[in-house]
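Following: one structure in structure tokens, then a few remarks.
The values are calculated or read from the model by the stated rules, or taken from the named source; none is laboratory data. Note that this is a predicted model, so its numbers are computed, not measured. For neighbour counting, all protein chains shown are included, and Cβ atoms are generated from backbone atoms with ideal geometry for every residue, glycine included. Each accessible area value is taken on the protein alone, full model and side chains, heavy atoms only, with ligands, DNA and RNA left out. Shrake-Rupley method; radii C 1.70, N 1.55, O 1.52, S 1.80 Å.
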Amino acid sequence: MPAPALVMLSPGSSDPRVTQVAHELRRELQTLRPEISVNAAFLGHCPPTGPQVVSQLASRGHEEIVFVPLCLTRAASNCDDLDTLVARVRASHPGVRFSVSGPVGPAASLLTVLDLRLRSALATSRVLEVDGLVLSTEGAGDVRGGALIARRARQWSGHHRVPVVAACSDGSGPSTAQAIASLRNQGRRHIAVGSLFLAADQAYEEQADLARRHGAVAVAEPIGAHRELIDLLLARYAYAAMGMLEFEGEDADAATA
């Protein structure tokens, strides 16, 4: 029995830098796991859309598909866009089984990537001292995602033994500039910014520019198609795919229950 197809769902964007990272992730995933059909689709109007990819997979005979949301700030798999997509493809392809994994989310392992990106930015700027950090994110996401971002900020702070303030680009929390001001009010003067963004899109550029104008000594690049993110995508897929397994006797047990 072939493995379920993996459809990575990325936020739709007209910015080619976002689609470039998504397709780079797809290529890396396909190289790493050639036995799985790995596909990239985009929520919104950016092609290929989820229904387009599902139609192609169904025409090639795939009967099981796992959606993996590529979102770094959400923790719950249900959201309006995703719920609408799943309902649409289920209605259009009744012979195909679908599963939705949890989003990548603000996983603790991504702090390692933040550190790598930040060290590179500090080296480029020839900065030797940091006494405050900003965790810049795409947005607060859902309630659990926001709580996890706050936890990651505390973990990052504990690891580096400096205060960390989380910032959001979507207005749901303090901006990068406000986060820097908060740290300055604590007496911090050498403040660097880590970026929990997928790609260097407009939101990232705006927050990075704000940070530099308000005196940040360094601003890290986004996460990008890092191997840690690839491993997280595979882990989310594997967990959801396991839930689609049917064991011998399962139907009989259900019939007699």
In the range 128-139, residues that are of a type in the set (A, V, I, L, M, F, W, C) and either in a helix (DSSP H, G or I) or open to solvent by less than 30 Å² (accessible area, probe 1.4 Å) (or both) total 3
Please state which one of 229, 183 is out of contact with any Phe, Trp or Tyr (no Cβ under 7 Å at 6 or more places or on another chain), within 30 Å of residue 23 (Cβ to Cβ) and modelled with pLDDT of 95 or more.
-> 229
Any hit, the range 5-25, residues being under 19 Å from residue 238 (Cα atoms), open to solvent by less than 20 Å² (accessible area, probe 1.4 Å) and part of a loop (DSSP other than H, G, I, E, B) = no
Within the range 205-231, how many residues turn out to be part of a helix (DSSP H, G or I) and open to solvent by 20 Å² or more (accessible area, probe 1.4 Å)?
-> 9
Which of the residues that make up the range 85-114 are closer than 25 Å to residue 197 by Cα and of a type in the set (Val, Ile, Thr)?
-> 100, 104, 112, 113
Give me the pairs: first residue in the range 18-30 and under 22 Å from residue 204 (Cα atoms), second residue open to solvent by less than 70 Å² (accessible area, probe 1.4 Å) and in a helix (DSSP H, G or I), beta-carbon distance under 8 Å, and six or more apart or on different chains, which are they?
-> 25/229; 25/230; 25/233
What number goes with the only condition from (1) modelled with pLDDT of 95 or more; (2) part of a helix (DSSP H, G or I); (3) under 24 Å from residue 149 (Cα atoms); (4) not basic (Lys, Arg) that residue 83 does not pass?
-> (1)
Out of (1) open to solvent by 50 Å² or more (accessible area, probe 1.4 Å); (2) under 15 Å from residue 9 (Cβ atoms); (3) among the hydroxyl-bearing types (Ser, Thr, Tyr), the odd one out for residue 49 is which?
-> (1)
Please go through the range 161-201 and pick out each residue that is assigned to a strand (DSSP E or B) and either open to solvent by less than 20 Å² (accessible area, probe 1.4 Å) or closer than 22 Å to residue 70 by Cβ (or both).
-> 166, 167, 168, 191, 192, 193, 194, 195, 196
